[in-house]
Amino acid sequence: MCGIAGLINRQGMDVSSKLIEMLSLIQHRGPDASGISIYGSAADEVSLRVSVKRKDMEEVLLNIVGQYGTVLSPPVSQWIKNVIFSELQLAIDDNDIPLLHAAINSIEGLYVHSLGKGMRVYKDGGTILDLNNNHKIISPIATHGLGHVRMATESAEDINAAHPFVSPFYPDLSIVHNGQFTNYFNLRRYLESKGAIFKTLNDSEAASHLIAYAMRENGGDLEDALRMAGEELDGVFCIIAATAQQIGFVRDKLGIKPLLLFEKDGLTMLGSEQIEFTALFSDVYAEEIEPGEVRVWNI
């Protein structure tokens, strides 16, 4: 059991704080890891967030970045649970972003958590309180985001196994997932044949590569990619996915895992339980998403 959340406000708001409030209300669904991804802050700024296993690997990271772009300011590093989280602001050509993403992930001990314009992913082992206390989460005006609390069932309680997940196939994309995929190993072999680099054993990472690969091939159509995922993924699941311009969901055809929708006063909220929405509204009556449903909002 895990918990997921999504939030849209096209006019802009402090999305990160509101997502953290939403997730804190469903912390009982997963105490093992937590994370959020935020879109719309400083939309022209390319931000890179990477977990670094050892201090001496920061120099390796900077050398790789230098092959594709320019670091605009000294890296901001945070030591958390024997892992360094390094954040850099970059000047880089859009076409080189996927190449840099893949190059970093190809190195053992380095793992991209987010790389894109106006996009940041913050994730960690432990609770939402741990995430908020451990990370210097920037809370500027943003338009949308998604979040997750994890109960580890199929892979290690590792910082990198926390959600959201991203992929070099389409770095702008992030996903969160509640459920299990029964065809993980076949899916992983297929994606590795397409060039995917797996950094964890979490089945949600496979879903991120699958959707991102589909978007790379279809020209960035999130709705089409989510419909494809609904057909190709076996199991019981709900996925919320976002890019800089869109956010949407897919629910499996059995409809076992819960997913609710609530819209009011220009805000759109997605979540696993109705109580999440009380972080913004006291009077809530949410719509349950239909089994097999796919929906996408443009920002």
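Each reported figure results from applying straightforward, stated rules to the coordinates on display, with no laboratory input. Computed from a predicted model, the values in this text were never measured in an experiment. Note that each Cβ is placed from the backbone with ideal geometry, even for glycine, and that neighbours are counted across all protein chains shown.
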Quiz item: For Lys199, Lys53, what's the fewest-to-most ordering of other Cβ within 10 Å of each Cβ?
Solution: Lys53, Lys199
Quiz item: Separation of the range 122-148 and the range 90-121 by C-alpha centroid, Å?
Solution: 19 Å
Quiz prompt | Residue-averaged 222 nm ellipticity for the chain, from DSSP H runs of 4+ at -39500 (n - 2.57), nearest 500 | solution = -7500 deg cm²/dmol
Quiz prompt | Sorted peptide list for 287-298, 205-216, criterion being average Cβ within 10 angstrom, highest first | solution = 205-216, 287-298
Quiz item: Is the shape of the range 97-222 rounded, prolate or oblate, going by the alpha carbon gyration tensor and its root eigenvalues a ≥ b ≥ c, with a/c under 1.5 for rounded and a/b larger than b/c for prolate?
Solution: oblate
Practice problem: With N set to the residue count of the range 154-221, report its C-alpha Rg divided by 2.2 N^0.38 Å to two decimal places. | Solution: 1.04
Quiz item: Counting alpha carbon pairs within less than 8 Å and at least 6 residues apart, what relative contact order, in whole percent, applies to the range 103-187?
Solution: 28 percent
Quiz item: What full-extension length gain, to one decimal in nm, is calculated for Glu288 and Arg10 as 0.36 nm per residue of separation minus the Cα-Cα distance?
Solution: 97.8 nm
Practice problem: Kindly rank 250-262, 172-184, 86-98 from highest to lowest mean number of other beta carbons found within 10 Å of each residue. | Solution: 172-184, 250-262, 86-98
Exercise. Between Ser77 and Lys55, with labels modelled 7 Å along Cα→Cβ, what's the label distance in nm to one decimal, could you check?
Key: 0.7 nm
Quiz item: What number, in percent, do you get for the relative contact order of the chain if the mean sequence gap of Cα pairs under 8 Å and at least 6 apart is divided by its residue count?
Solution: 24 percent
